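First up is the structure itself, then whatever we jot down about it.
The values are calculated or read from the model by the stated rules, or taken from the named source; none is laboratory data. Bear in mind the structure is a predicted one, so any value in this text is a computation, not a measurement. Cβ: placed from backbone, ideal geometry, glycine included. Neighbour counts: every protein chain shown.
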Amino acid sequence: MLEYAAACLRNAEACDEGTEELSCLALEEALRNAVHHGNLELSSKLREDFDDEKYSELFEARRKQEPYCHRKVYIKVRISHEGATFIIRDEGPGFDPSNVPDPTAPENLEAVCGRGIWLMRSLMDDVSYNETGNEVTLVKRRRR
């Protein structure tokens with residue numbers, strides 16, 4: 001998927017040559033969020049508590065449990081003269097992105113929560129969520 005996305009970004013002339021991978025990092029983060037936090041409903045709190053082993057165990061367990069194991073991630077790609085748009089939707093309950101703490105605030109510098117969203121916003125031209133919070137739209141505009 002990410003190789004296809006890189007090709008789309010090149011074809012849309014949305015990135016300077018050789019920088020498609022940076023935008024693909026944002027897409028990878030959106031996909032990871034859709035699977036981990038959306039479909040599998042894994043809380044960032046587990047990672048904030050520095051319990052990667054518990055997080056990994058719960059990840060493996062939920063991949064095989066109802067209702068999580070049947071959930072899908074949907075991806076739409078639109079390429080136009082304006083650039084590239086990627087829409088990623090999961091089947092989880094969603095979240096309120098306005099409640100995610102600013103990872104660049106001094107009190108949050110060591111926190112895990114919010115870094116992925118910050119990364120997406122840093123690498124894409126526009127990042128927005130639907131009202132439910134289970135769909136993210138990432139836009140990379142054509143460079144002029």
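Before moving on, here are some points about what is shown:
- Of the listed requirements (1) in contact (Cβ under 8 Å) with a residue 24 or more places away in the chain; (2) closer than 24 Å to residue 144 by Cα, residue 34 misses just one: (2).
- The conditions of being surrounded by fewer than 13 Cβ atoms within 10 Å (Cβ to Cβ), farther than 19 Å from residue 120 by Cβ and modelled with pLDDT under 80 are not met by residue 72.
- Filter result for residue 79 (within 13 Å of the chain's Cα centre (by Cα), among the β-branched types (Val, Ile, Thr) and not in a helix (DSSP H, G or I)): no
- Complete set of residues in the stretch 90-111 that are small (Gly, Ala, Ser) and in contact with a His (Cβ under 9 Å, 6 or more places away or on another chain): 92
- Considering residues of the stretch 29-53 that are of a type in the set (D, E, K, R) and in contact with a helix residue (DSSP H, G or I) (Cβ under 6 Å, 6 or more places away or on another chain) only, the residue modelled with the highest pLDDT: 29
- Close pairs from the stretch 114-128: first closer than 14 Å to residue 86 by Cβ, partner buried (at least 16 other Cβ atoms within 10 Å of the Cβ) and aromatic (Phe, Trp, Tyr), Cβ under 9 Å, at least 6 apart: 124/86
- Top-ranked residue of the stretch 1-49 - restricted to ones that are in a helix (DSSP H, G or I) and of a type in the set (Asp, Glu), ranked as nearest to residue 84 (Cα to Cα): 20
- Beta carbons closer than 6 Å, at least 6 apart along the sequence or on distinct chains, pair a first residue in the stretch 82-97 that is under 18 Å from residue 116 (Cβ atoms) and modelled with pLDDT of 95 or more with a second that is among the small types (Gly, Ala, Ser) and outside any loop (DSSP other than H, G, I, E, B) for 88/30; 88/34; 90/34; 90/38; 92/38.
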